[in-house]
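Only one structure is covered here, and it is reproduced in the block below.
The values are calculated or read from the model by the stated rules, or taken from the named source; none is laboratory data. On a predicted model such as this, the values are computed, not experimentally measured, just so you know. Because the Cβ atoms are built from the backbone with ideal geometry, glycine has one as well, and the counts that use them run over all protein chains shown.
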Amino acid sequence: MLMRHPHPELQFGYKLPYGAVVNDRGVQFVVFSRSATQMRVLLYDHEDDREPAEIIEFDRDTDRWGDVWSVFVPGLNAGQLYHFQCNGPYDPESGQWFDGNARLIDPYAKALTGCFQKSTDGIIRPPKCVVVDDYFDWEGDRHLRRPLSETIIYETHVRGFTNSRTAKVKNPGTYLGLIEKIPYLQDLGITAVELMPVHEFPIMDIHGNAPERPNYWGYDPMAFFAPHRGYSSDKTPGGQVNEFKQMVKALHQAGIEVILDVVFNHTCEGNEHGPVLSFKGLENQVYYILNSGGSHYSNYSGCGNTFNGNHPICRELIFHCLRHWVHNYHVDGFRFDLASILSRDRYGNLMPNPPMVEMIAEDPMLADTKIIAEAWDAAGAYQVGSFGDLRWAEWNGRYRDDVRKYWRGDDGLIGPMATRLAGSSDLYEHAGRAPYCSINFITSHDGFTLNDLVSYKDKHNEANGEGNRDGDNNNESDNYGVEGPTRRKPIEKLRLRQIKNMMSTLLLSQGVPMLVMGDEIRRTQKGNNNAYCQDNEISWLDWRFVKRHEGLREFVKGLIAIRKSQPTLMRTRFLTGRPFDSRGVADVNWFNHLGLTFNWENPSGGLVCWLPAPAVADDPEGEGRDLLLLFNGTGDKLTFNLPDQIRGLRWTKLLDTDAETGKDIFPNLDGPPAPANRRVDVIYRSMQAYVADKIER
């Protein structure tokens, strides 16, 4: 008999090939630079030290292997602070930015500490790197591996989630503060948090001052491998590492996955007028896409420079970075900001089969992770529906725009609305991808909140100090009669109904829904659709809204519960419109409000979607129910005649976006029966849904 012997718990930690690698004898410092002529590591005793306590010179003959510099320093331990420094050619006209006086952040630094400092001779000194020991007692924690089709994403900002005094947490604005609010996320029904950037970005400006417009969102990376120290309650050097891991472990214990918003498209070093902080001073020509013979930076990111993601050295760095977050921090997936930049070659041209995109999808060590692309960039590339292969999901910008415009009442949107509701087969089916490749969203951090989407026709970004010129001018929003807050009850009622309409559409669509922090309680940014620099009450979640808008929160909670209970809404294959089971009915059926088969050649009026329960192969437990969705995006009240095809089933109300709290949603499937005369009045700009009794198979 084969005997199985117990094995020790699998440890995900592994040594990176670069950076500061600690062992019981000391620390190995390893850094890439092809053109450097000298390399040094500067060692510091304290984070506020302006000068190093010791300088270790690399020997060019014995401490360099090809283009990799490596030196072992005995007697050092985790917690040691350091910079790199190197000499080399200085010729900005050809893209060489070596400066023997610059202090450089290790591109593989696992933590940073301190702030920018300025020396007496004007040289900028960036935060110091921290040598980190990766050990952490995970207590058996592993990735949750929830199928993407069953995922409900909540995009949130670590600081903004709990930094308001109204949050009433012990550690506001931190990883620990988020832990304190896990019960709220559990109660809502969220299965994954998508954290806006948590890798290191500058807190102060390069002169050590609080900037006029702080980068609150964090899309300005300074160290890809390091968790942001500004979100840690533990201010000791490297303390953020353990605190971040505590947060991940606690979220996993609550059944919630962690997806990171990662920014591999640019860095905070800016263009030729920006500071030399790290990559510029180590091998500028490799790490950035340059033009004009190397003297200028290509700006496909809209942020001054473009990281050269398809150079082999940069591909290797990104690849190791992803593994680092997955194995050392147990994160469950990534959302790639401006991911189309990863499709550009070293000259900025879009490639048909970009190696970086394929490498991420095919890496066996990342196979359990979710990978999501923001499939566009700031230079005009728009690849929604064509980014990557079967493993890649995408933020579906087409979904956002079509659903917004349909509920606003724009003409010609019934067809697009039906397509988005059914999973956007027009975008994904042709490539063999599944409905869950569509990350459906109506709002994100970038743009109006859902409350503001129905309260403002125009953006109001005056607080950003840019003369209201920043931010998108095309929001597909409306104010329904008054710009901003109002006490006029008819307008407020319509606004609430529109919020419910869009939330219902989002959570009843095929694909993967993504909500934004606070939309379930009408968080407002006072009309600001580009709050990147608003580290204040404009962006922070006001927890008083939980009570103020409890009815809406319960409605959203009910929608999430319905989605989780109905495999009908989480198909892994596209709907075909063809018969699929013994009843001989199609897997999706479309009617107009008169109860007749919908005429797509002349789309008008109301829209009815009948979704029969999935086939046994898709729903082996037989939990799925037939669903009937009634949409009235017109400006008139419509009477819907229920189609003859659904006779023989007993239907009960599932939701009504026009009904008052307590009568607007029935997550336990115990709503009132459909009218006996099979005629349902649906007020303008509203929707209703019904669920059938369980069918015996």
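Here are a few things to note about the model shown:
- Taking the stretch 471-484 as the range and being surrounded by fewer than 16 Cβ atoms within 10 Å (Cβ to Cβ), charged (D, E, K, R) and within 28 Å of the chain's Cα centre (by Cα) as the test, only ASP472 passes.
- Here the stretch 386-403 is the region considered, the condition is being over 14 Å from TYR436 (Cβ atoms) and in contact with a Phe, Trp or Tyr (Cβ under 8 Å, 6 or more places away or on another chain), and the residue that is surrounded by the fewest Cβ atoms within 10 Å (Cβ to Cβ) is GLY397.
- Checking each residue in the stretch 666-683 for being among the charged types (D, E, K, R), in contact with a Ser or Thr (Cβ under 9 Å, 6 or more places away or on another chain) and either more than 15 Å from GLN566 (Cα to Cα) or not in a loop (DSSP other than H, G, I, E, B) (or both) picks out ARG679, ASP681.
- Restricting LEU76, LEU43 to those that are under 13 Å from PHE29 (Cβ atoms) and in a loop (DSSP other than H, G, I, E, B) reduces the list to LEU76.
- Residue within the stretch 373-384 that is at pLDDT 95 or above, part of a helix (DSSP H, G or I) and touching a helix residue (DSSP H, G or I) at 6+ places or on another chain (Cβ under 8 Å) present: no
- Residues that are under 18 Å from MET687 (Cα atoms), outside any loop (DSSP other than H, G, I, E, B) and among the acidic types (Asp, Glu), drawn from the stretch 385-427: ASP402
- Within the stretch 234-267, considering residues that are among the polar types (S, T, N, Q) and farther than 15 Å from ASN328 by Cα, the one surrounded by the most Cβ atoms within 10 Å (Cβ to Cβ): THR267
Residues checked against (1) over 24 Å from VAL682 (Cβ atoms); (2) in the same structural domain as ARG678 (by TED's automatic domain parsing); (3) modelled with pLDDT of 95 or more; (4) part of a loop (DSSP other than H, G, I, E, B):
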{"site": "SER604", "(1), (2), (3), (4)": "no, yes, no, yes"}
{"site": "TRP610", "(1), (2), (3), (4)": "no, yes, yes, no"}
{"site": "ALA613", "(1), (2), (3), (4)": "no, yes, no, yes"}
{"site": "VAL616", "(1), (2), (3), (4)": "yes, yes, no, yes"}
{"site": "PRO620", "(1), (2), (3), (4)": "yes, yes, no, yes"}
{"site": "GLU623", "(1), (2), (3), (4)": "yes, yes, no, yes"}
{"site": "PHE631", "(1), (2), (3), (4)": "no, yes, yes, no"}
{"site": "ASP636", "(1), (2), (3), (4)": "no, yes, yes, yes"}
{"site": "PHE640", "(1), (2), (3), (4)": "no, yes, yes, no"}
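- Hey, GLY255 farther than 30 Å from LYS181 by Cα and small (Gly, Ala, Ser) or not: no
- Subset of the stretch 345-390 (residues that are within 19 Å of VAL512 (Cα to Cα) and β-branched (Val, Ile, Thr)): THR369, ILE371, ILE372, VAL384
- Counted residues, the stretch 530-569 - those being closer than 21 Å to LEU669 by Cβ and of a type in the set (Asp, Glu): 1
- Checking THR568, THR576 one by one, the residue that is within 32 Å of the chain's Cα centre (by Cα), of a type in the set (S, T, N, Q) and under 21 Å from ARG146 (Cα atoms) is THR568 and no other.
- Pairs with Cβ under 9 Å, 6+ apart, first in the stretch 316-327 and over 16 Å from ASN265 (Cβ atoms) and touching a residue at least 12 places away in the same chain (Cβ under 8 Å), second assigned to a helix (DSSP H, G or I) and of a type outside the set (Lys, Arg): ARG323/MET365; ARG323/LEU366; VAL326/MET365; VAL326/LEU366; HIS327/MET365
- ASN284 meets the conditions (1) in a loop (DSSP other than H, G, I, E, B); (2) out of contact with any Pro (no Cβ under 8 Å at 6 or more places or on another chain); (3) polar (S, T, N, Q) in every case but one. The failed one is (1).
- Selection within the stretch 644-680 - over 22 Å from LEU506 (Cβ atoms), among the charged types (D, E, K, R) and loosely packed, with under 13 Cβ neighbours inside 10 Å: ASP644, ARG647, ARG650, ASP670, ARG679
- In the set (1) touching a helix residue (DSSP H, G or I) at 6+ places or on another chain (Cβ under 6 Å); (2) buried (at least 24 other Cβ atoms within 10 Å of the Cβ), the condition left unmet by ASP452 is number (1).
- Residue match in the stretch 325-342 (condition: small (Gly, Ala, Ser), part of a strand (DSSP E or B), at pLDDT 95 or above and within 25 Å of the chain's Cα centre (by Cα)): yes
- Qualifying residue in the stretch 657-668 (condition: among the hydrophobic types (A, V, I, L, M, F, W, C) and modelled with pLDDT under 95): no
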